[in-house]
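The values are calculated or read from the model by the stated rules, or taken from the named source; none is laboratory data. What you are looking at is a predicted structure, and each value in this text was computed from that prediction instead of being measured. Here Cβ is always computed from backbone atoms with ideal geometry, including for glycine, and neighbour counts include all displayed protein chains. These area figures cover heavy atoms from the full protein model, side chains too; ligands, DNA and RNA do not enter into them. Shrake-Rupley method; radii C 1.70, N 1.55, O 1.52, S 1.80 Å.
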Amino acid sequence: MEASSDTIPRKLLDWYDAHARDLPWRARPGTEAPDPYRVWLSEVMLQQTTVAAVRGYYAEFTRRWPTVEELAAAADEEVMAAWAGLGYYARARNLLACAREVAARGGEFPGTEEGLRALPGLGAYTAAAVAAIAFGRRAVVVDANVERVVARLFALDEPLPGGRAAIREKADAITPATRGGDFAQAMMDLGATVCTSRSPRCLLCPLAARCAARALGEPGRFPVKAPKKARPARRGRAFWIECDERVWLVRRPGRGMLGGMRALPDDGWHSRADGSGEGPLDGPWGHAGKVAHVFTHFALELQLAVYLGDRCDSLGAEEGEWWPLDRLEEAGLPTLFAKAARLALADTGELA
DNA sequence: CACACGTGGAC
DNA sequence: TGTCCAAGTGT
């Protein structure tokens, strides 16, 4: 007898009850209601970011800002610095904007997918995930894990991104009316631990008997993806200006690359791309070396120019701040500039 | 739809 | 070493 299609969510939920990952942002089953603030915070942090990378940031954010009202009241620079190193800094800017909107409406998140979708930083995925996980709504939650699981389950071979519509349709079809949050998290856990991108562990999979890709003998072929574009190389210079145990830091514009983050002054490599721009001083510059850093859509080779001087005050014209070297960790430099700072400190340290 | 937008880990 | 990838969103 052919099993009915509703055995997919049931098998998956049974598996989840036995194998759910124990993650700090998950409510203990049956013991407490999920906190929408923590669900939302974790979901935003987890956008395009691994669980391992998020753990420490989640712990620190919830320690410093236990409620959405407290986060909403935080200074921009404190939140941006706390996000430093996690990447995709527009998330942090939207996080604050969202927290302030929610605080303005009394500290309660909207309880529907549509209401959540209207908040800054909540796209189709996050709105559905928070609606399902925090509010128990039925929502079709589709992230990269779900895409992979569903593409394999039904052997959908239309290349992404075009094939997303068909994947969503199937995901909708297998989403149960109840336990929507558990189902979404079960799909993601399955994708993260069993139905992995490389070397899927089909022998451990609760859905293996119903998996079309497995039946074809090649689960790894799905989902099919469009070829990636080449990543161009860019060069630039950054400037380490040190005076009286302090270094000159600027704040980057609120939009675009590393927007809103503290940074070393640079030559405008982001727009010029050829490293020919000038620094904030005439010099003379010493050269501490190069920093290699790979972004999503280009690779950067950053030359680090160093000035150790007594002309500290001459920088007054440019907007920035003298930052004490012994508190550099607290500046919240994004990784590119944190690497440059390490290089500068090693270099100037040798000279001292 | 295509592109901008970070980072670190796995293989 | 290079490539791919991760709980995507905004423009």
- Message: Which chymotrypsin sites (Phe, Trp or Tyr not before Pro) in the stretch A:1-106 sit in a loop by DSSP (not H, G, I, E or B) and have at most 15 other Cβ atoms within 10 Å of their own Cβ?
- Response: A:Y88
- Query: With axes computed from alpha carbons, what is the tilt in degrees of helix A:335-351 against the longest principal axis of chain A, rounded to the nearest 10 within 0 to 90?
  - Reply: 40
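Would you calculate the volume per residue, in Å³, of the smallest convex hull containing every Cα atom of the stretch A:233-351?
On the way: hull volume 12.0 nm³, N = 119.
It is 101 Å³ per residue.
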- Structure-based [θ]222 nm, chain A - -39500 (n - 2.57) summed over DSSP H runs of at least 4, per residue, nearest 500: -12000 deg cm²/dmol
- Message: To the nearest 20 Debye, how big is the dipole of the stretch A:114-222 about its Cα centre, given +1 on the beta carbon of each Lys and Arg and -1 on that of each Asp and Glu?
- Response: 180
- Note on the structure: Checking the stretch A:212-303 for GluC sites (Glu not before Pro) in a loop per DSSP with at most 14 other beta-carbon atoms within 10 Å yields A:E245, A:E278
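If you place +1 on the Cβ of every Lys and Arg and -1 on the Cβ of every Asp and Glu, how big does the dipole about the Cα centre of chain A come out, in debye to the nearest 20?
1640
What is chain A's relative contact order, in percent, from Cα pairs under 8 angstrom and six or more apart in sequence?
Details: 534 pairs, mean separation 55.9, N = 352.
Dividing the mean separation by the residue count of chain A yields 16 percent.
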- Unpartnered cysteines of chain A (Cβ-Cβ under 4.7 Å counts as a partner)? A:C98, A:C195, A:C202, A:C205, A:C211
- Query: Using a 1.4 Å probe on the protein chains only, how many percent of the accessible area of chain A belongs to carbon and sulfur?
  - Reply: 50
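Once you have a ≥ b ≥ c as the square roots of the Cα gyration tensor eigenvalues for the stretch A:13-70, tell me rounded if a/c is under 1.5, and otherwise prolate or oblate according to whether a/b is larger than b/c. Don't skip to the end; give the middle numbers.
Numbers: a/c = 2.30, a/b = 1.40, b/c = 1.64.
Cα axes put the stretch A:13-70 in the oblate bin.
Normalised radius of gyration for chain A, please: alpha carbon Rg relative to 2.2 N^0.38 Å, two decimal places.
Values: Rg = 24.1 Å, N = 352, 2.2 N^0.38 = 20.4 Å.
Taking the Cα Rg and dividing by 2.2 N^0.38 Å, one obtains 1.18.
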- Listed residues A:W248, A:V294, A:P280: farthest to the positive end of the dipole of the stretch A:233-351 (Cβ charges): A:V294
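At 1.4 Å probe size, put A:H293, A:H287, A:H270 in order of accessible surface, largest to smallest. Don't skip to the answer; put the middle values down first.
Details: A:H293 30, A:H287 115, A:H270 80 Å².
Listed by decreasing accessible area, they come as A:H287, A:H270, A:H293.
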- Query: Once Lys and Arg get +1 and Asp and Glu get -1 on their Cβ, which of A:A192, A:T49, A:G123 lies farthest toward the positive end of the dipole of chain A?
  - Reply: A:A192
- Looking at A:V141, A:A233, A:F222, which one has the Cα that reaches farthest to the positive end of the dipole of the stretch A:129-253 (charges on Cβ: Lys, Arg +1; Asp, Glu -1)? A:A233
- Query: Counting only residues 5 or more places away or on other chains, whose amide H sits under 5 Å from the amide H of A:W323 once H atoms are built in the peptide plane?
  - Reply: A:V247, A:W248, A:L249
- Once both axes come from the Cα atoms, what is the angle between helix A:144-153 and the longest principal axis of chain A, in degrees from 0 to 90, rounded to 10? 30
- Residues with amide H under 5 Å from that of A:M261, placed H, sequence gap 5 or more: A:R252
- Task: With a probe of 1.4 Å, find how much accessible area chain A has per residue, and write the answer as a whole number in Å².
- Result: 51
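For the stretch A:109-167, what mean projected area does the convex hull of the alpha carbons give, in nm²?
Numbers: hull surface 17.5 nm².
Mean projected area for the stretch A:109-167: 4.4 nm², to one decimal.
Just flag the trypsin sites (Lys or Arg not before Pro) in the stretch A:16-67 sitting in loop per DSSP whose Cβ has no more than 13 other Cβ atoms within 10 Å. Could you put the intermediate results ahead of the total?
Details: sites: A:R21, A:R26, A:R38, A:R55, A:R63, A:R64; in loops: A:R21, A:R26.
Those satisfying the criteria are A:R21.
Based on the alpha-carbon gyration tensor of the stretch A:151-278 and its eigenvalue square roots a ≥ b ≥ c, which shape applies: rounded if a/c is under 1.5, prolate if not and a/b is larger than b/c, or oblate?
Values: a/c = 3.17, a/b = 2.48, b/c = 1.28.
Note, shape of the stretch A:151-278 comes out prolate.
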- Note on the structure: Computed on Cα atoms only, the convex hull of the stretch A:215-294 has an orientation-averaged projected area in nm² of 9.3
- Message: Rounded to the nearest 20 debye, what is the charge dipole size of the stretch A:233-351 about its Cα centre when +1 sits on each Lys and Arg Cβ and -1 on each Asp and Glu Cβ?
- Response: 660
